[in-house]
Amino acid sequence: MGLRNLPTDEARSVAGLIENRPGQVSSMGLTAGGSVDFMLMAFSAGESVSEEEYFGDTLYHVVEGAADVVLPDRRVAVVAGEVFMVPARIPHAVEGHEGAAFKLLQLTIPEERS
């Protein structure tokens with residue numbers, strides 16, 4: 001597994017690597033191959049990811065704006081600079097806080113198999 005789509009010529013802001021596009025959720029994979037899934041995502045106002053369940057623990061790091069992680073029993077607001085983790089196999093959705101645009105890093109690490 002290796003990293004990809006990251007600057008190697010000079011340092012840049014994470015938020016500046018991807019743009020919000022009206023009516024879309026944009027994503028950029030930051031890993032190539034392997035079992036770890038590392039994505040940068042940009043959500044335009046009103047866009048969301050419907051309820052999903054991942055194969056491993058998933059960390060969300062909001063890099064711009066604010067997002068809500070919607071769990072079966074609660075809604076957690078995560079603002080720029082904050083992180084939140086959802087354990088494996090917990091259904092959840094991600095949407096902009098109060099419908100606003102936002103950008104986030106999503107890192108999913110598979111569960112260990114015994």
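Derivation of every value follows stated rules applied to the coordinates shown; laboratory data play no part. Values in this document were obtained by computation on a predicted structure and should not be read as measured data. Note that each Cβ is placed from the backbone with ideal geometry, even for glycine, and that neighbours are counted across all protein chains shown.
In the chain, if the dipole is taken from +1 on Lys/Arg beta carbons and -1 on Asp/Glu beta carbons about the Cα centre, which of SER13, ALA66, VAL94 is farthest to the positive end? Highest projection toward the positive end goes to SER13. Take the Cα of ASP73, step 7 Å toward its Cβ, do the same at ARG12, and the gap between the two points is 4.2 nm. Can you give the FRET efficiency for ALA32 and ILE90, using 1/(1 + (r/R0)^6), R0 = 25 Å, r = Cβ-Cβ distance, to the nearest 0.05? E between ALA32 and ILE90, to the nearest 0.05, is 0.40. Proximity of backbone amide H atoms, modeled 1.01 Å from N, is registered between ALA88 and ASP57, THR58 at under 5 Å, excluding neighbours fewer than 5 places apart on the same chain. For GluC sites (Glu not before Pro), the sites in the range 38-114 that DSSP calls loop and that have at most 11 other Cβ atoms within 10 Å are GLU53, GLU112.
How charged is the neighbourhood of SER44? Take every other residue with its Cβ under 10 Å from the Cβ of SER44, and add Lys/Arg as +1 and Asp/Glu as -1. Neighbourhood net charge equals -1. Model label sites at GLU51 and ALA80, defined 7 Å from Cα along the beta-carbon direction, differ in position by 3.2 nm. Here the chain is treated with +1 on each Lys and Arg Cβ and -1 on each Asp and Glu Cβ, and its dipole about the Cα centre works out to around 160 debye.
The gain in end-to-end length when the GLN24 to GLU98 segment is fully stretched comes to 25.0 nm, 0.36 nm per residue minus the alpha carbon separation. Of the labelled figures [x] 45; [y] 20; [z] 50, only one reflects percent of Cα pairs over 25 Å apart as derived from the coordinates, namely [y].
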